[in-house]
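S.K.: Starting off with a structure, shown below.
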Amino acid sequence: MQWILSLYITMFPVILAGVFNMLLLKIPFLKSRCKPIDGGKNWIDGKRIFGDSKSILGFWLMTLLGGFTELFWGLLLQGIGETKRSLLYLYFENAPGFNFLIGMLFGFLYMLFELPNSFIKRRFSVSAAEQGDRRRGLKLIFFILDQIDSMLGIMLCLGILVHLTPAQIVFAVFLGGLTHVLVNCLLILFRVRKYL
């Protein structure tokens, strides 16, 4: 139980950055400046590479927000004397420069690991409103992938940094997926999101 709490304390800045990223990209001024990563181009199959939801601004905003939230979180943990509650600070010094860089890395990985899932979804036209058992099965698979893709990159990185076992990484990705669903449910409740 203590390890799970430490994992949440370690990952809280990334979760916070993800929520801030979503909120900021809803501001009309920023939303109007979101250019898709794929430049609106299609793959050789004639379908979009990633789609409109993966934007250059969103990618870099998440990277920067990851840095700032990690910086703030490190200062807060230091201020309340709980630095050792974070798995990161069992191996690294709670220093502003480190925090900002590791936060940016986590934010970058968060976005980077969403791209393969987005690419594959476009190939299967999963976002289309088609019915049928096959389509429902694909939607379920991609729903699960949507919840864990970004956490996979972060947990692999964290696992290397703090020497997690493969079983701990798998558990952390699973826990991250559940947390992602719960956070999205809260965002729907507060009308920030429309769907999971």
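The values are calculated or read from the model by the stated rules, or taken from the named source; none is laboratory data. The structure presented is a predicted model; accordingly, all values stated were derived computationally and were not measured. Positions of Cβ are backbone-derived with ideal geometry, glycine not excepted, and every protein chain shown enters the neighbour counts. To get the accessible areas, we keep the full protein, side chains included, count just its heavy atoms, and leave off ligands, DNA and RNA. Shrake-Rupley method; radii C 1.70, N 1.55, O 1.52, S 1.80 Å.
S.K.: When both residues are 6+ apart or on different chains and their Cβ atoms are under 7 Å apart, which pairs have a first residue that lies in segment 147-172 and is in contact (Cβ under 8 Å) with a residue 60 or more places away in the chain, and a second that is surrounded by fewer than 16 Cβ atoms within 10 Å (Cβ to Cβ) and of a type in the set (A, V, I, L, M)?
M.R.: Val162/Leu90
S.K.: What about Pro116, is it open to solvent by 50 Å² or more (accessible area, probe 1.4 Å) and within 21 Å of Val173 (Cα to Cα)?
M.R.: Judged against the criteria, Pro116 is a match.
S.K.: Of all residues in segment 155-192 being assigned to a loop (DSSP other than H, G, I, E, B) and either under 20 Å from Gly107 (Cα atoms) or modelled with pLDDT of 85 or more (or both), which is least open to solvent (accessible area, probe 1.4 Å)?
M.R.: First, the residues of segment 155-192 that are assigned to a loop (DSSP other than H, G, I, E, B): 163-165, 190-192.
Within this subset, residues satisfying the condition of being either under 20 Å from Gly107 (Cα atoms) or modelled with pLDDT of 85 or more (or both) are 163-165.
Working: His163: 124, Leu164: 23, Thr165: 67 Å².
Selected residue: Leu164.
S.K.: Go through Leu178, Leu164, Leu158, Leu138 for me and flag whichever is more than 16 Å from Ile4 (Cα to Cα) and aliphatic (A, V, I, L, M).
M.R.: Answer to the selection: Leu138.
S.K.: Which ones in segment 81-122 are in a loop (DSSP other than H, G, I, E, B), over 24 Å from Met1 (Cα atoms) and touching a Leu at 6+ places or on another chain (Cβ under 8 Å)?
M.R.: The answer is Phe113, and nothing else.
S.K.: In the set Ile4, Ile9, which member is within 19 Å of the chain's Cα centre (by Cα), surrounded by fewer than 17 Cβ atoms within 10 Å (Cβ to Cβ) and outside any loop (DSSP other than H, G, I, E, B)?
M.R.: Ile4
Per-residue answers, yes or no, for (1) of a type in the set (A, V, I, L, M, F, W, C); (2) open to solvent by 50 Å² or more (accessible area, probe 1.4 Å); (3) on the phi > 0 side of the Ramachandran plot:
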| position | (1), (2), (3) |
| --- | --- |
| Pro13 | no, no, no |
| Pro28 | no, yes, no |
| Lys31 | no, yes, no |
| Gly40 | no, no, yes |
| Gly51 | no, no, yes |
| Ser55 | no, no, no |
| Gly67 | no, no, no |
| Gly79 | no, yes, no |
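S.K.: Something else: Using the structure shown, decide if Asp45 is outside any helix (DSSP H, G or I), among the acidic types (Asp, Glu) and in contact (Cβ under 8 Å) with a residue 40 or more places away in the chain.
M.R.: yes
S.K.: Any idea which of (1) over 20 Å from Phe92 (Cβ atoms); (2) open to solvent by less than 20 Å² (accessible area, probe 1.4 Å) is the one Gly137 doesn't satisfy?
M.R.: Every condition holds for Gly137 apart from (2).
S.K.: Also, I was wondering about something else. Contact list please: Cβ distance under 6 Å, first residue in segment 175-195 and farther than 25 Å from Ile27 by Cβ, second residue among the β-branched types (Val, Ile, Thr), pairs at least six apart or on different chains.
M.R.: Pairs found: Gly177/Ile148.
S.K.: Same structure, new question: Only one of Phe142, Phe108 is open to solvent by 30 Å² or more (accessible area, probe 1.4 Å) and within 26 Å of Trp60 (Cα to Cα). Can you tell me which?
M.R.: The match here is Phe108.
S.K.: Also: If you go through segment 81-99 one residue at a time, how many are out of contact with any Lys or Arg (no Cβ under 9 Å at 6 or more places or on another chain) and either crowded, with 19+ Cβ neighbours inside 10 Å or of a type in the set (A, V, I, L, M) (or both)?
M.R.: 6
S.K.: Here's a check for you: in segment 48-80, which residue that is part of a loop (DSSP other than H, G, I, E, B) and out of contact with any strand residue (DSSP E or B) (no Cβ under 6 Å at 6 or more places or on another chain) is farthest from Leu25 (Cα to Cα)?
M.R.: Of all residues in segment 48-80, those part of a loop (DSSP other than H, G, I, E, B) come to 49-54, 80.
Filter once more, keeping what is out of contact with any strand residue (DSSP E or B) (no Cβ under 6 Å at 6 or more places or on another chain): 49-51, 53-54, 80.
Working: Ile49: 21, Phe50: 18, Gly51: 16, Ser53: 10, Lys54: 11, Ile80: 32 Å.
Within segment 48-80, the match that is farthest from Leu25 (Cα to Cα) is Ile80.
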